[in-house]
Amino acid sequence: MGAGYSRNRIIDEAKGEYLYFMDSDDTIEPNTVRLLYDAIVKNQAEVAYGSYEIVDLSAPHRREVYQKDDVCLSGDGQLAEYALSHVGRFHVSACNCLMDLEFLRQSGVRFINTNYWEDMAFTYELVPKVTRAVLLSCVTYHYLRHSGSLSHYQAREQLHKEEVLANASTLNYLKEKCKAYRGQSFLPYMCYNLELNSFYIVCHILKNAHLIAPGFSHHEMRDILCYPLSLSDILRFRSMLLQNLLFWLIGRLPIPLFSVSVKVLGKLKRAI
(Lines give C-alpha, C1' and ligand atoms only; values in the text may rest on other atoms or scores of the structure.)
Protein backbone atom coordinates (compact mmCIF):
# COMPACT_ATOMS: atom_id res chain seq x y z
CA MET A 1 0.00 0.00 0.00
CA GLY A 2 3.03 2.30 0.13
CA ALA A 3 4.91 4.15 2.85
CA GLY A 4 2.29 6.90 3.23
CA TYR A 5 -0.58 4.48 3.86
CA SER A 6 1.51 2.47 6.32
CA ARG A 7 2.57 5.53 8.29
CA ASN A 8 -0.98 6.88 8.43
CA ARG A 9 -2.13 3.56 9.87
CA ILE A 10 0.63 3.79 12.48
CA ILE A 11 -0.50 7.31 13.43
CA ASP A 12 -4.07 6.03 13.85
CA GLU A 13 -3.27 2.84 15.78
CA ALA A 14 -0.09 3.54 17.81
CA LYS A 15 -0.55 3.13 21.58
CA GLY A 16 2.43 5.08 22.94
CA GLU A 17 2.81 8.75 23.86
CA TYR A 18 5.45 9.55 21.24
CA LEU A 19 6.11 8.48 17.66
CA TYR A 20 9.39 8.15 15.78
CA PHE A 21 9.68 7.13 12.13
CA MET A 22 12.78 5.37 10.80
CA ASP A 23 13.28 3.80 7.39
CA SER A 24 14.35 0.17 7.54
CA ASP A 25 17.57 0.62 5.57
CA ASP A 26 18.89 3.61 7.54
CA THR A 27 20.81 3.73 10.83
CA ILE A 28 20.60 5.80 14.02
CA GLU A 29 22.96 6.41 16.91
CA PRO A 30 22.62 4.14 19.98
CA ASN A 31 21.30 7.05 22.07
CA THR A 32 19.14 8.74 19.41
CA VAL A 33 15.73 8.05 20.93
CA ARG A 34 16.95 8.87 24.45
CA LEU A 35 18.36 12.24 23.33
CA LEU A 36 15.17 13.22 21.53
CA TYR A 37 12.95 11.99 24.36
CA ASP A 38 14.91 13.90 27.00
CA ALA A 39 14.80 17.05 24.86
CA ILE A 40 11.07 16.90 24.18
CA VAL A 41 10.21 16.26 27.84
CA LYS A 42 12.61 18.87 29.25
CA ASN A 43 11.28 21.58 26.90
CA GLN A 44 7.63 20.44 26.99
CA ALA A 45 7.75 20.44 23.20
CA GLU A 46 5.44 18.93 20.60
CA VAL A 47 8.32 17.73 18.42
CA ALA A 48 12.08 17.19 18.75
CA TYR A 49 14.43 17.02 15.75
CA GLY A 50 17.99 15.73 15.63
CA SER A 51 20.52 16.57 12.95
CA TYR A 52 20.85 14.41 9.88
CA GLU A 53 23.47 12.86 7.62
CA ILE A 54 23.00 11.54 4.08
CA VAL A 55 25.45 8.89 2.90
CA ASP A 56 25.42 8.26 -0.85
CA LEU A 57 26.09 4.53 -1.26
CA SER A 58 27.15 5.04 -4.87
CA ALA A 59 29.96 7.28 -3.53
CA PRO A 60 30.37 6.55 0.22
CA HIS A 61 32.87 9.36 0.70
CA ARG A 62 30.16 11.84 -0.32
CA ARG A 63 28.23 12.89 2.77
CA GLU A 64 25.74 15.69 3.29
CA VAL A 65 25.16 16.90 6.84
CA TYR A 66 22.01 18.82 7.75
CA GLN A 67 23.09 20.27 11.09
CA LYS A 68 20.57 22.26 13.07
CA ASP A 69 21.14 24.77 15.85
CA ASP A 70 20.63 23.77 19.49
CA VAL A 71 17.49 25.78 20.04
CA CYS A 72 13.95 25.69 21.39
CA LEU A 73 11.45 27.48 19.16
CA SER A 74 8.22 28.66 20.71
CA GLY A 75 5.28 30.46 19.09
CA ASP A 76 3.09 30.25 16.01
CA GLY A 77 5.11 29.86 12.81
CA GLN A 78 8.51 29.90 14.51
CA LEU A 79 9.47 26.34 13.55
CA ALA A 80 8.09 26.80 10.05
CA GLU A 81 10.13 29.97 9.53
CA TYR A 82 13.30 28.30 10.84
CA ALA A 83 12.81 25.12 8.82
CA LEU A 84 11.91 26.82 5.55
CA SER A 85 14.60 29.51 5.79
CA HIS A 86 17.33 27.01 6.77
CA VAL A 87 16.84 24.19 4.27
CA GLY A 88 20.60 23.60 4.37
CA ARG A 89 20.20 22.56 8.02
CA PHE A 90 16.65 21.26 8.16
CA HIS A 91 16.20 18.24 5.92
CA VAL A 92 12.56 17.67 5.01
CA SER A 93 12.03 14.12 6.22
CA ALA A 94 9.49 12.50 8.51
CA CYS A 95 12.32 10.46 9.99
CA ASN A 96 14.55 11.60 12.86
CA CYS A 97 11.74 13.52 14.51
CA LEU A 98 10.16 12.49 17.80
CA MET A 99 6.55 13.65 17.85
CA ASP A 100 3.97 13.90 20.60
CA LEU A 101 1.34 11.48 19.28
CA GLU A 102 -1.66 13.34 20.70
CA PHE A 103 -0.43 16.59 19.12
CA LEU A 104 0.13 14.86 15.77
CA ARG A 105 -3.36 13.40 15.73
CA GLN A 106 -4.96 16.71 16.70
CA SER A 107 -2.99 18.54 13.98
CA GLY A 108 -4.73 16.47 11.31
CA VAL A 109 -1.50 16.13 9.31
CA ARG A 110 -1.28 12.89 7.36
CA PHE A 111 0.84 11.48 4.57
CA ILE A 112 -0.48 12.00 1.07
CA ASN A 113 -1.13 9.05 -1.23
CA THR A 114 2.07 9.04 -3.28
CA ASN A 115 5.40 7.23 -3.38
CA TYR A 116 7.25 10.41 -4.35
CA TRP A 117 8.31 13.08 -1.83
CA GLU A 118 5.60 12.16 0.68
CA ASP A 119 8.09 13.07 3.43
CA MET A 120 8.42 16.56 2.01
CA ALA A 121 4.66 17.04 1.90
CA PHE A 122 4.31 15.78 5.48
CA THR A 123 7.04 18.11 6.78
CA TYR A 124 5.73 21.18 4.95
CA GLU A 125 2.27 20.57 6.40
CA LEU A 126 3.50 19.72 9.90
CA VAL A 127 5.91 22.54 10.71
CA PRO A 128 3.30 25.35 10.49
CA LYS A 129 1.18 23.46 13.05
CA VAL A 130 3.97 23.23 15.65
CA THR A 131 4.01 25.89 18.37
CA ARG A 132 6.90 24.48 20.43
CA ALA A 133 9.85 22.54 19.02
CA VAL A 134 13.34 21.64 20.17
CA LEU A 135 16.25 21.09 17.76
CA LEU A 136 19.55 19.31 18.40
CA SER A 137 22.85 19.93 16.62
CA CYS A 138 24.15 16.38 17.16
CA VAL A 139 23.77 13.97 14.23
CA THR A 140 21.32 11.28 15.31
CA TYR A 141 20.28 9.79 11.94
CA HIS A 142 22.15 8.38 8.93
CA TYR A 143 20.12 8.24 5.74
CA LEU A 144 21.57 5.79 3.22
CA ARG A 145 20.85 6.93 -0.33
CA HIS A 146 20.63 4.07 -2.82
CA SER A 147 21.21 4.21 -6.55
CA GLY A 148 17.87 4.14 -8.37
CA SER A 149 15.93 5.46 -5.38
CA LEU A 150 12.38 6.65 -6.02
CA SER A 151 13.38 9.96 -4.42
CA HIS A 152 16.22 10.63 -6.87
CA TYR A 153 17.00 10.32 -10.54
CA GLN A 154 20.59 9.07 -10.42
CA ALA A 155 22.07 6.13 -12.36
CA ARG A 156 19.10 5.51 -14.66
CA GLU A 157 19.14 4.37 -18.26
CA GLN A 158 15.60 5.62 -18.73
CA LEU A 159 13.16 7.79 -16.79
CA HIS A 160 9.42 7.52 -17.20
CA LYS A 161 7.59 10.80 -17.61
CA GLU A 162 5.02 9.69 -15.03
CA GLU A 163 7.74 9.54 -12.35
CA VAL A 164 8.82 13.12 -12.98
CA LEU A 165 5.19 14.26 -13.05
CA ALA A 166 4.59 12.52 -9.71
CA ASN A 167 7.32 14.64 -8.12
CA ALA A 168 5.83 17.77 -9.67
CA SER A 169 2.38 16.72 -8.42
CA THR A 170 3.58 16.72 -4.80
CA LEU A 171 4.96 20.23 -5.26
CA ASN A 172 1.67 21.36 -6.82
CA TYR A 173 -0.22 19.90 -3.84
CA LEU A 174 1.93 22.00 -1.49
CA LYS A 175 1.63 25.08 -3.67
CA GLU A 176 -2.13 24.92 -3.22
CA LYS A 177 -1.60 24.84 0.55
CA CYS A 178 0.37 28.11 0.33
CA LYS A 179 -2.83 30.06 -0.27
CA ALA A 180 -3.97 29.35 3.29
CA TYR A 181 -0.81 30.91 4.77
CA ARG A 182 -1.17 34.47 3.48
CA GLY A 183 0.27 36.90 6.02
CA GLN A 184 2.49 34.29 7.69
CA SER A 185 6.18 35.18 8.00
CA PHE A 186 7.29 31.79 6.68
CA LEU A 187 5.24 31.99 3.46
CA PRO A 188 7.94 33.69 1.31
CA TYR A 189 10.38 30.91 2.20
CA MET A 190 7.82 28.20 1.53
CA CYS A 191 6.93 29.60 -1.90
CA TYR A 192 10.57 30.10 -2.83
CA ASN A 193 11.57 26.57 -1.82
CA LEU A 194 8.69 25.01 -3.72
CA GLU A 195 9.47 27.05 -6.82
CA LEU A 196 13.17 26.24 -6.54
CA ASN A 197 12.37 22.52 -6.43
CA SER A 198 10.08 22.97 -9.43
CA PHE A 199 12.87 24.80 -11.23
CA TYR A 200 15.31 21.95 -10.59
CA ILE A 201 12.78 19.48 -11.98
CA VAL A 202 12.56 21.53 -15.18
CA CYS A 203 16.36 21.72 -15.35
CA HIS A 204 16.53 17.96 -14.94
CA ILE A 205 14.04 17.53 -17.79
CA LEU A 206 16.13 19.73 -20.06
CA LYS A 207 19.39 18.05 -19.06
CA ASN A 208 18.09 14.51 -19.45
CA ALA A 209 15.54 14.89 -22.24
CA HIS A 210 17.13 11.94 -24.07
CA LEU A 211 16.35 9.65 -21.11
CA ILE A 212 12.74 10.68 -20.47
CA ALA A 213 9.94 8.92 -22.33
CA PRO A 214 7.63 10.26 -23.51
CA GLY A 215 9.13 13.73 -23.72
CA PHE A 216 7.97 17.01 -22.19
CA SER A 217 6.75 19.99 -24.17
CA HIS A 218 7.91 23.48 -23.22
CA HIS A 219 4.34 24.30 -22.20
CA GLU A 220 4.35 21.38 -19.77
CA MET A 221 7.66 22.54 -18.30
CA ARG A 222 6.32 26.06 -17.83
CA ASP A 223 3.25 24.65 -16.09
CA ILE A 224 5.55 22.91 -13.57
CA LEU A 225 6.95 26.34 -12.65
CA CYS A 226 3.51 27.92 -12.22
CA TYR A 227 3.67 30.21 -9.18
CA PRO A 228 1.01 29.58 -6.49
CA LEU A 229 0.20 33.20 -5.55
CA SER A 230 -0.63 36.46 -7.28
CA LEU A 231 1.73 39.35 -7.93
CA SER A 232 -0.05 41.42 -5.28
CA ASP A 233 0.56 38.64 -2.75
CA ILE A 234 4.28 38.64 -3.53
CA LEU A 235 4.55 42.42 -3.22
CA ARG A 236 3.40 42.09 0.40
CA PHE A 237 6.34 39.81 1.26
CA ARG A 238 8.83 41.21 3.77
CA SER A 239 11.53 38.72 2.78
CA MET A 240 12.65 36.83 -0.35
CA LEU A 241 10.81 39.39 -2.48
CA LEU A 242 13.15 39.46 -5.49
CA GLN A 243 13.63 35.69 -5.55
CA ASN A 244 9.89 35.08 -5.60
CA LEU A 245 9.31 37.79 -8.18
CA LEU A 246 11.86 36.12 -10.45
CA PHE A 247 10.05 32.77 -10.35
CA TRP A 248 6.67 34.44 -10.80
CA LEU A 249 8.01 36.19 -13.90
CA ILE A 250 9.69 33.12 -15.42
CA GLY A 251 6.46 31.15 -15.13
CA ARG A 252 4.64 33.79 -17.18
CA LEU A 253 7.14 34.36 -19.96
CA PRO A 254 6.30 33.44 -23.55
CA ILE A 255 7.63 29.98 -24.42
CA PRO A 256 10.77 31.11 -26.35
CA LEU A 257 11.82 33.48 -23.54
CA PHE A 258 10.89 30.90 -20.91
CA SER A 259 13.16 28.26 -22.42
CA VAL A 260 16.10 30.64 -22.76
CA SER A 261 15.66 32.00 -19.23
CA VAL A 262 15.54 28.55 -17.63
CA LYS A 263 18.60 27.38 -19.57
CA VAL A 264 20.63 30.46 -18.62
CA LEU A 265 19.61 30.34 -14.95
CA GLY A 266 20.07 26.56 -14.88
CA LYS A 267 23.64 26.89 -16.11
CA LEU A 268 24.35 29.58 -13.52
CA LYS A 269 23.01 27.21 -10.84
CA ARG A 270 25.01 24.35 -12.41
CA ALA A 271 21.80 22.38 -12.79
CA ILE A 272 22.14 22.01 -16.57
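For the cross-link pairs Lys68/Lys269; Lys68/Lys267; Lys177/Lys269; Lys207/Lys267; Lys175/Lys269; Lys207/Lys269, the ones whose C-alpha atoms lie over 18 Å apart are Lys68/Lys269; Lys68/Lys267; Lys177/Lys269; Lys175/Lys269. Applying 1/(1 + (r/R0)^6) with R0 = 35 Å to the Cβ-Cβ distance of Ile10 and Glu220 gives a FRET efficiency near 0.45. Solvent-accessible area assigned to carbon and sulfur over the chain amounts to 52 percent, based on a 1.4 Å probe. Here's the list of lysines a cross-link from Lys15 could span, going by alpha-carbon distance under 27 Å and ignoring same-chain residues fewer than 8 apart: Lys42, Lys129.
Hey, can you find the accessible area per residue of the stretch 1-149 for me, probe 1.4 Å, expressed in square angstrom?
47
This model, with +1 at the C-beta of Lys and Arg and -1 at the C-beta of Asp and Glu, gives the chain a dipole about its Cα centre of some 940 debye.
Separation of the stretch 232-272 from the stretch 3-29 is 38 Å, based on Cα centroids. Computed about its Cα centre, the charge dipole of the stretch 165-248 is approximately 240 debye, with only Lys, Arg, Asp and Glu carrying charge at their Cβ.
So what is the diffusion coefficient of the chain in µm² per second by Stokes-Einstein at 10 °C and 1.306 mPa s, using a Kirkwood Rh over Cα pairs?
Answer, rounded: 80 µm²/s.
Report the local net charge at Asp12: Lys and Arg +1, Asp and Glu -1, summed over other residues whose C-beta lies under 12 Å from its C-beta. Result for the neighbourhood of Asp12: +4.
The values are calculated or read from the model by the stated rules, or taken from the named source; none is laboratory data. The model shown is predicted, which means the values in this text are computed figures rather than measured ones. Please note: Cβ atoms are built from the backbone with ideal geometry, for glycine as well, and neighbour counts cover all protein chains shown. The area values use the complete protein model at the heavy-atom level, side chains included, leaving out ligands, DNA and RNA. Shrake-Rupley method; radii C 1.70, N 1.55, O 1.52, S 1.80 Å.
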